[in-house]
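Take a look at the structure below.
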Amino acid sequence: FDNYNLDAQGHRDAVRTSTFNLSNSAHAQLSFDVAYAMNSAPFYDTLVVYISYNCDQNRDIIYLKDASALQTAPASPNVTFVPTPSEWRNELISLDAYIGQPNISIIFENRGYAGQELYIDNVSLVEPLGTVSGRKYNSINVYPNPSESDFTLSFSDFQNQKLRLEVYSSSGVQVLSKNCFISKATEILPLEMNKFGKGIYFLHIKNEAGKTVYQQKLTHL
């Protein structure tokens, strides 16, 4: 959204995703990346995210941030803001309240006040929790992120589970694919990324059935 070169004076423009079906989901999260730098006062912008459901008869606000709450980078009052890889932030929003809805879509609305460029990328719906043989997946974490070296993966309550790790570059090329077996209730595994160089990567972790149970953006500095 170009708020720097276009003074919308508070007018709104929006983009909408395709539709998603949550009828058979146990849990769901909206994941997206945002980048924004403030202009000088009072020229700040707002990002609002809606969920549309019930054949677009209902819309709920699930995210609203502006000014300093929205910013991911230092202020840029004199030049068009173009984010570096480290100036993005990932947002995760629970959609569990909408489980069972067969036809939902997500609307990203920009409320422009002559502030700065507002970037949205990597929009997806993910299911962070799932069940296999009656067992619940509790948590997966990756740290440090951003990292100047390798990353570390921690798994909680995944014992006796086979998982597949896939890493993709920002252009969509798969750079890593490996299987792992989690044998303990809490397990730590290295994720070696130095050989791939600096940049933005995307980690997908799949269960034995091939279903994605975790997804995260990795920033390699």
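If the Cβ limit is 8 Å and pairs must be 6+ apart or interchain, which residue in segment 1-16 that is within 11 Å of LEU118 (Cβ to Cβ) pairs with which residue that is exposed (fewer than 12 other Cβ atoms within 10 Å of the Cβ)?
Short answer, once both residue conditions are applied: TYR4/THR80.
Could you check segment 162-221 and list, in sequence order, the residues that are at pLDDT 85 or above and at positive phi?
Those that are at pLDDT 85 or above and at positive phi: GLY197, GLY199.
Just name the residue that is farthest from the chain's Cα centre (by Cα) out of those in segment 192-221 that are crowded, with 19+ Cβ neighbours inside 10 Å and without any contact (Cβ under 8 Å) to a residue 60 or more places away in the chain.
Here the residue is MET193.
Would you mind finding the one in ALA26, ALA69, ALA75, ALA35 that is in a loop (DSSP other than H, G, I, E, B) and either over 23 Å from VAL126 (Cα atoms) or under 16 Å from the mean Cα position of the chain (by Cα) (or both)?
ALA75
Condition first: among the hydrophobic types (A, V, I, L, M, F, W, C), within 12 Å of the chain's Cα centre (by Cα) and either surrounded by fewer than 19 Cβ atoms within 10 Å (Cβ to Cβ) or assigned to a strand (DSSP E or B) (or both). Now tell me which residues in segment 83-124 satisfy that.
Once the filter is applied, which keeps residues that are among the hydrophobic types (A, V, I, L, M, F, W, C), within 12 Å of the chain's Cα centre (by Cα) and either surrounded by fewer than 19 Cβ atoms within 10 Å (Cβ to Cβ) or assigned to a strand (DSSP E or B) (or both), segment 83-124 yields LEU92, ILE93, ILE120, VAL123.
Tell me which residues, restricted to segment 11-33, are surrounded by fewer than 17 Cβ atoms within 10 Å (Cβ to Cβ) and among the acidic types (Asp, Glu).
Residue satisfying the conditions is ASP13 alone.
All but one of (1) closer than 27 Å to SER171 by Cβ; (2) within 18 Å of the chain's Cα centre (by Cα); (3) among the hydroxyl-bearing types (Ser, Thr, Tyr) hold for THR80; which doesn't?
(2)
Within segment 40-51, restricting attention to residues that are at pLDDT 90 or above and buried (at least 20 other Cβ atoms within 10 Å of the Cβ), which residue is farthest from GLY100 (Cα to Cα)?
The selected residue is ASP45.
The values are calculated or read from the model by the stated rules, or taken from the named source; none is laboratory data. From a predicted model like this one, the values you see are computed outputs, not experimental measurements. Positions of Cβ are backbone-derived with ideal geometry, glycine not excepted, and every protein chain shown enters the neighbour counts.
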